[in-house]
Amino acid sequence: MATKKQRQRQLARARYHRRLERLARQHQRNRRWTTSAIAAVVVIAIATGGFLLASSLSKTPKSSASAKSTASATATPTPTPTSSAIPAMVDGECVYIKAGTAARKVSLPPATPDTTATYVAKIKTNLGNIVIDLQGKNAPCTVNSFVSLADQKYFNNTHCDRITTSDAGYFILQCGDPTGTGKGGPGYEFGNENLPKAGKSGEFTYTPGTVAMANESGKADSNGSQFFLVYKNSPLPPDYTRFGTIVSGLNIIQKVAKAGTDNSDGPGDGHPKEKVQIESVTITKT
């Protein structure tokens, strides 16, 4: 049984985390208000005939609420600034906000990441092992979440539900959803980290071997459990948290890409014709 002092500490910690969540939600509300204000100005400008604005079609490895598939490329505005609306970390602690229904029941990751540790993830698949160096120093809360999910066997016996090829214009294998639909997540979200800077085109080239988070609800800072593995240079909006580098097994993904996709989400975008089953994810910490 916990002592009175221990209970007081538990209550104080609970109050602290509620404060972190309130702060994160306030950031989100402020961002939405700013976006609405900008939109209002644009509408006024168009009404006066002063300006003609055009949106661009950007390629986005993310989930959406569409009935067809939640990981399809969609028409979005020009890439937004890479500053995060929801901070991934506040006062040295990660902010994980409960959101949606968990595809598999898991506990929230620990609030305090071990930023001094080095992590290596071995993804055992039906086609062989993919080994990833995790970038805990650059993306501590993302790695902290990935390690927690792996330790809780969240990824075990799941399959990668999406591959994109040349017709899509970018080259990724997307995994991390136990439902296999592109809609599933762990029941919580967290903010972006380690975002790249856009080039003159408004995009950034994610290089082969990059491991990054997918946006699970089709908006920024909706990181959960879904991630993508880049197997060829891929120009994308700079909106996806980079948290690892493939050190072996890239050839497995390239082989899957050669087998192609069923194009269920459009030309060059859909389910892999060659199934990729994740049997387990093992973390080595040093």
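A few remarks follow.
- Of everything in the range 90-137 that is under 24 Å from residue 157 (Cβ atoms) and charged (D, E, K, R), the residue that is nearest to the chain's Cα centre (by Cα) is 104.
- Pair list, Cβ < 8 Å and 6+ apart or interchain, from the range 142-156 residues that are of a type outside the set (Lys, Arg) to residues that are part of a helix (DSSP H, G or I): 155/149
- Scanning the range 111-134 for residues that are in contact with an Asp or Glu (Cβ under 9 Å, 6 or more places away or on another chain) and in a loop (DSSP other than H, G, I, E, B) returns 111, 112, 113, 118, 126, 127.
- Qualifying residue in the range 142-150 (condition: in a loop (DSSP other than H, G, I, E, B), buried (at least 19 other Cβ atoms within 10 Å of the Cβ), in the same structural domain as residue 112 (by TED's automatic domain parsing) and at pLDDT 95 or above): no
- Test: residue in the range 255-263 that is within 20 Å of residue 119 (Cα to Cα) and assigned by TED's automatic domain parsing to the domain that holds residue 131: no
- Enumeration of residues in the range 239-286 that are in a helix (DSSP H, G or I) and of a type outside the set (Val, Ile, Thr): 250, 251, 254, 255, 257, 258, 259
- Extreme residue, surrounded by the fewest Cβ atoms within 10 Å (Cβ to Cβ), among residues of the range 157-183 that are in contact with a Leu (Cβ under 7 Å, 6 or more places away or on another chain) and aliphatic (A, V, I, L, M): 173
- Look at (1) out of contact with any His (no Cβ under 6 Å at 6 or more places or on another chain); (2) touching a residue at least 12 places away in the same chain (Cβ under 8 Å) and you find that residue 258 fails only one, number (2).
- Selection count where residues are in contact with a Lys or Arg (Cβ under 8 Å, 6 or more places away or on another chain) and hydroxyl-bearing (Ser, Thr, Tyr), scope the range 149-180: 2
The values are calculated or read from the model by the stated rules, or taken from the named source; none is laboratory data. Just so you know, these numbers come straight off a predicted model, no measurement behind them. Don't worry about glycine lacking a Cβ; one is built from the backbone with ideal geometry, like all the others, and counts go over all protein chains shown.
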